[in-house]
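The values are calculated or read from the model by the stated rules, or taken from the named source; none is laboratory data. All of these numbers come straight from a predicted model, not from anything done at the bench. A quick note on method: Cβ atoms are made from the backbone with ideal geometry, for glycine too, and the neighbour counts reach across all protein chains shown. Remember, those area values only see protein heavy atoms, side chains included, never the ligands or the DNA or RNA. Shrake-Rupley method; radii C 1.70, N 1.55, O 1.52, S 1.80 Å.
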Amino acid sequence: NEIYLNGLGDVRPELPTDLTVLERLAGERIAPAAYGYVAGAAGTESTARANREAFERRRLVPRMLRDVAVRDLSVRLFGQTLPVPVLLAPIGVLAIMHPDGDLAVARAAADLGVPLVVSTAASHSMEQAAEANAGGLRWFQLYWSSDRDVVLSFLTRASAAGYTTLVVTLDTHTLGWRPRDLDLAYLPFLRGIGVTNYFTDPAFQRAVGSPFDGDGADREAAIMRWAGTFGDPSLTWDDLDFLREHWDGPIVLKGIQHPDDARRAVDAGMDGVVVSNHGGRQVDGAIGSLDALPRVAAAVGDRITVLFDSGIRTGTDVIKALALGAKAVMLGRPYAYGLGLAGEAGVRHVIRCLLAELEIAMALVGVTCPAEITPELLASA
Ligand code: FNR
């Protein structure tokens with residue numbers, strides 16, 4: 001309703017309601033290195049483009065006269081009810097966008113009832129983010145360190161701070177080749193910008209020290225220790241038992257693209273997968289994430305929960321992903337741009353635009369709830 005009132009011309013929204021336009025505005029207003037860190041992707045960025053092309057190739061076929069007067073957008077995931085089939089994807093180092101970083105995002109998420117996935121590389125400690133998210137639903141994203149004490153410490157902290165679900169990111173045991181970061185010599189976390197969640201971790205401090213307290217050779221050595229503990233390229237499917245042993249809640253594997261990997265996730269007793277290619281930031285030339293979704297969804301059926309990210313920019317994108325088998329989606333870059341442009345108000349703006357468009361579009365294509373979103377809504381089905 002507010003949107004229609006704005007349409008009367010008295011109150012102009014301060015930010016564009018089209019999130020692709022908002023992205024362009026972010027490119028104009030946000031400092032190039034910081035914007036480049038968020039917007040950038042691996043290599044020639046062909047996978048980031050493929051993510052969008054996969055959405056644009058698919059078209060919805062609206063249905064008429066279906067009584068859509070009463071709508072309910074809620075979904076059940078892992079025993080919890082989400083008011084909408086949307087979560088905020090984990091994004092590290094948010095403080096490069098705005099000093100309020102994760103706190104602003106956590107407040108907006110709690111306020112609007114959208115669950116939040118807090119990154120291992122968060123700019124505030126996960127305890128601070130949890131406090132800002134009081135009353136909200138929050139999950140924790142793990143970068144699986146090669147140092148098991150660090151992993152255990154993060155899991156213990158997450159559980160104590162009320163994070164209910166563990167999202168384990170598998171596609172980033174090693175950082176992708178990202179020319180924008182390399183050309184601008186700007187890997188923010190290697191400069192000590194906004195990775196408080198690491199620095200406040202006692203096990204991390206023991207293993208790595210404080211890379212940015214020293215200088216010269218000490219500093220370099222600490223940074224190399226950090227690079228060595230950040231991820232663990234030697235992990236295999238057998239290692240998942242370790243997480244199962246030390247995490248009581250649901251475990252979701254993020255970064256799954258191949259149906260066989262999805263089947264292995266089922267066999268390993270995982271609770272869900274996120275079909276994601278990290279927004280094209282890891283493997284240039286990889287398949288568009290939406291193109292990977294149908295085969296993964298078919299491979300696991302109803303045995304575990306399939307989530308999706310990489311390329312969600314509009315409400316109708318959410319419908320397309322649900323039609324191809326996702327139970328819910330994660331929104332990434334757009335909320336980071338909102339944060340960069342207008343802090344907490346910008347994050348709220350982005351989430352509200354996406355959800356308003358989703359609700360309107362569901363009614364207009366003729367569905368009243370996420371369960372009614374099926375492949376028949378797509379022209380290519
Ligand atoms: C990410 N992503 C990410 N994923 C993760 O598991 N842990 C993290 O710390 C981060 N950090 C991060 C930083 C930035 C700047 C971006 C853009 C992305 C990946 C994120 O969760 C999600 O998979 C992608 O953002 C999805 O792609 P789109 O929709 O944002 O293009």
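Just a few scattered comments:
- A single entry from GLY101, GLY36, GLY40, GLY27 fulfils the requirement of being of a type in the set (Gly, Ala, Ser) and over 29 Å from THR229 (Cβ atoms): GLY27.
- Where a residue in region 58-74 is of a type outside the set (A, V, I, L, M, F, W, C) and its partner, wherever it lies, is surrounded by fewer than 13 Cβ atoms within 10 Å (Cβ to Cβ), with Cβ under 8 Å and at least six apart: ARG58/ALA379; ARG58/SER380; ARG59/ALA379; ARG59/SER380; SER74/THR81
- Complete set of residues in region 259-277 that are open to solvent by 30 Å² or more (accessible area, probe 1.4 Å) and within 19 Å of the chain's Cα centre (by Cα): ASP271
- Per the conditions (1) buried (at least 23 other Cβ atoms within 10 Å of the Cβ); (2) closer than 27 Å to ASP147 by Cβ; (3) at pLDDT 95 or above, the sole criterion not satisfied by VAL105 is (2).
- Filtered by the rule that a residue be within 25 Å of ALA379 (Cα to Cα) and acidic (Asp, Glu), region 45-93 gives GLU53, GLU56, ASP67, ASP72.
- Check on VAL296, touching a strand residue (DSSP E or B) at 6+ places or on another chain (Cβ under 9 Å) and within 11 Å of the ligand (Cβ to nearest atom): no
- Of the residues making up region 37-58, those that are more than 18 Å from VAL329 (Cβ to Cβ), of a type outside the set (Val, Ile, Thr) and either part of a loop (DSSP other than H, G, I, E, B) or more than 11 Å from the ligand (Cβ to nearest atom) (or both) are GLY40, ALA41, ALA42, GLY43, GLU45, SER46.
- Any hit, region 339-348, residues being in a loop (DSSP other than H, G, I, E, B) and either within 13 Å of the ligand (Cβ to nearest atom) or surrounded by fewer than 22 Cβ atoms within 10 Å (Cβ to Cβ) (or both): no
- Test: residue in region 256-277 that is farther than 28 Å from ARG178 by Cα and touching a Ser or Thr at 6+ places or on another chain (Cβ under 9 Å): yes
Yes or no, residue by residue, for (1) surrounded by 24 or more Cβ atoms within 10 Å (Cβ to Cβ); (2) touching a Ser or Thr at 6+ places or on another chain (Cβ under 6 Å); (3) farther than 23 Å from ASP267 by Cβ; (4) not basic (Lys, Arg):
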position	(1), (2), (3), (4)
VAL296	yes, no, no, yes
THR305	no, no, no, yes
PHE308	yes, no, no, yes
LYS320	yes, no, yes, no
VAL329	yes, no, yes, yes
TYR335	yes, no, yes, yes
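- Applying the condition of being of a type in the set (Val, Ile, Thr) and under 19 Å from PRO83 (Cα atoms) to region 355-378 and asking which residue is most open to solvent (accessible area, probe 1.4 Å) yields ILE360.
- ALA42 over 28 Å from GLY136 (Cα atoms), in contact with a Phe, Trp or Tyr (Cβ under 8 Å, 6 or more places away or on another chain) and hydrophobic (A, V, I, L, M, F, W, C): yes
- Conditions (1) more than 15 Å from the ligand (Cβ to nearest atom); (2) in contact (Cβ under 8 Å) with a residue 60 or more places away in the chain; (3) part of a loop (DSSP other than H, G, I, E, B): number failed by ILE287: (1)
- Total residues in region 217-249 satisfying the condition of being open to solvent by less than 30 Å² (accessible area, probe 1.4 Å) and part of a loop (DSSP other than H, G, I, E, B): the figure is 4.
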